[in-house]
Amino acid sequence: MPVRGAAEDEQKVGSGMKARERTVTNEFLRGMPKAELHMHVEGSLEPEIMFEIARRNGVPLRYGSAEEVRKAYDFGDLQSFLDVYYEATRVLLYERDFYDLTSAYLRKAHAQGVRHAEIFFDPQAHTDRGVAFETAITGIHRALLDGRRGLGMSSHLILCFLRHLSAEAAMETLLQARPYRAWIVGVGLDSSELGHPPDEFRAVFEEAARHGFRRVAHAGEEGPPEYIWQALDDLGAARIDHGVRCMEDPGLVRRLREEQVPLTVCPLSNVKLRVFDSIEEHPVRRMLGEDLCVTVNSDDPAYFGGYVADNYTAIRDGLGFTRGEFRRVAENSFTASFLDENSKKKLLANLNAYFAGTQPETLRGV
Ligand code: ADE
Ligand code: ZN
């Protein structure tokens with residue numbers, strides 16, 4: 001896709017990293033209008049809020065302070081993170097807790113340029129502890145409504161099935177969701193990937209499609225390219241969450257490019273969970289170079305060291321992302337969303353105006 005910023009990027013790259021850093025400033029990246037399409041609301045539970053909610057609900061924690069919690073966030077793989085993530089959800093008991101959690105995320109995301117968010121939630125992480133589906137979804141939904149009114153930020157909610165649990169449990173969860181159909185745009189598949197291939201969930205995704213839910217799935221985060229094929233062919237996924245391991249399969253890359261299947265990539269998450277050793281080794285820039293429909297997202301920002309613009313900053317510093325590449329990523333974030341065409345058009349116009357309007361000011365700073 002041709003972009004206005006591309007020629008300028010080349011000039012800046014020619015004059016070295018310093019010039020590029022000054023051109024694409026942190027402030028510019030934070031202000032850039034963008035959508036976030038891959039974040040788990042439970043993964044935005046910052047230690048401070050965790051402590052506050054635990055205190056008011058009388059839930060004991062095995063840590064003494066927020067700093068101690070942060071120090072424990074040293075993960076060896078996806079599962080070691082999920083163990084901590086599910087344990088932390090124990091503090092969430094009442095509608096107000098889900099409301100506060102979601103509101104805090106919206107404020108942070110808004111301050112990082114997010115104009116539209118498609119937010120995952122894991123109802124089974126709550127219903128399995130005896131917290132009603134209604135409690136979780138009502139708190140989250142109320143915060144999203146207030147976010148629309150107070151911040152002017154649009155949002156969609158995506159229900160994720162936990163793939164380490166059975167397909168029958170997923171079907172039961174879909175049944176529980178039926179009264180809230182109007183509040184939920186789609187369904188997804190998350191949790192422990194290895195050993196839990198997408199095709200096990202074919203029937204529940206078919207049923208979800210019959211009820212008009214959009215479908216997405218985590219695939220190719222730790223799991224092999226075969227799981228991405230299955231997410232596309234067996235689940236009918238319209239987007240692939242992560243998908244970074246597609247780069248191991250040229251035939252899959254061709255398919256993803258030809259169909260422009262959006263990939264919701266989360267660079268800081270992949271490094272924190274040791275999918276890649278460092279940001280410098282992350283394939284996100286190569287993926288964009290393959291003309292894949294790449295978006296950049298935060299996944300579980302409270303655990304992985306940053307919100308969405310922090311992920312943008314990390315790929316600028318580690319991979320030398322250019323202004324034109326950021327523009328493509330932000331464009332993709334809107335086009336790959338489940339917004340209607342009119343809303344997409346408005347947000348893309350805002351993005352164009354941002355690039356047009358801020359360019360001279362940014363260059364003055366060089
Ligand atoms: N649930 C929360 N974060 C996740 C991730 N990165 N992968 C799979 N399931 C998740
Ligand atoms: Zn995720």
Tilt, helix 47-57 to longest principal axis of the chain (alpha-carbon atoms), in degrees rounded to tens, equals 20
Where does helix 133-151 land angle-wise versus the long Cα axis of the chain, in degrees 0 to 90, nearest 10?
-> 30
For region 33-134 the trypsin sites (Lys or Arg not before Pro) that pass both the DSSP coil test and the at-most-11 other-Cβ-within-10 Å test are Arg62
How big is Rg to Rh over region 109-260, alpha-carbon atoms, Rh as the Kirkwood inverse-mean-distance radius?
-> 0.99
Computed about the Cα centre, the charge dipole of region 38-170 from +1 Lys/Arg and -1 Asp/Glu charges at the Cβ has a magnitude in debye, to the nearest 20, of 460
Rh by Kirkwood over Cα pairs, then Stokes-Einstein D for region 169-224 at 0.692 mPa s and 37 °C, µm²/s | 275
Could you calculate, for region 298-353, the ratio of the Cα radius of gyration to the Kirkwood radius, expressed as Rg to Rh?
-> 1.04
Taking the Cα centre of region 215-278 as the origin and placing charges on Cβ (Lys, Arg +1; Asp, Glu -1), which of Val261, Pro225, Gly236 is farthest toward the positive end of the dipole?
-> Val261
What is region 197-350 by shape, rounded, prolate or oblate, if you read a ≥ b ≥ c off the alpha carbon gyration tensor as root eigenvalues and call it rounded for a/c under 1.5, prolate for a/b larger than b/c, and oblate otherwise?
-> oblate
Long-range alpha-carbon pairs in the chain, meaning those over 34 Å apart, account in percent for 23
Could you give the dipole magnitude of region 26-357 about its Cα centre, charging the beta-carbon of Lys and Arg +1 and that of Asp and Glu -1, in debye to the nearest 20?
-> 1360
Between 0 and 90°, nearest 10: helix 78-88 axis offset from the chain longest Cα axis | 60
Could you tell me which of the pairs Lys108/Lys272; Lys108/Lys344; Lys272/Lys344; Lys34/Lys272 are separated by over 29 angstrom between their Cα atoms in the structure shown?
-> Lys272/Lys344
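Quick note: the coordinates plus some simple rules give every number you see, no bench work behind them. Not measured: the values here are computed from a predicted model. Cβ sites come from the backbone with ideal geometry, for glycine too, and all protein chains shown count toward neighbours.
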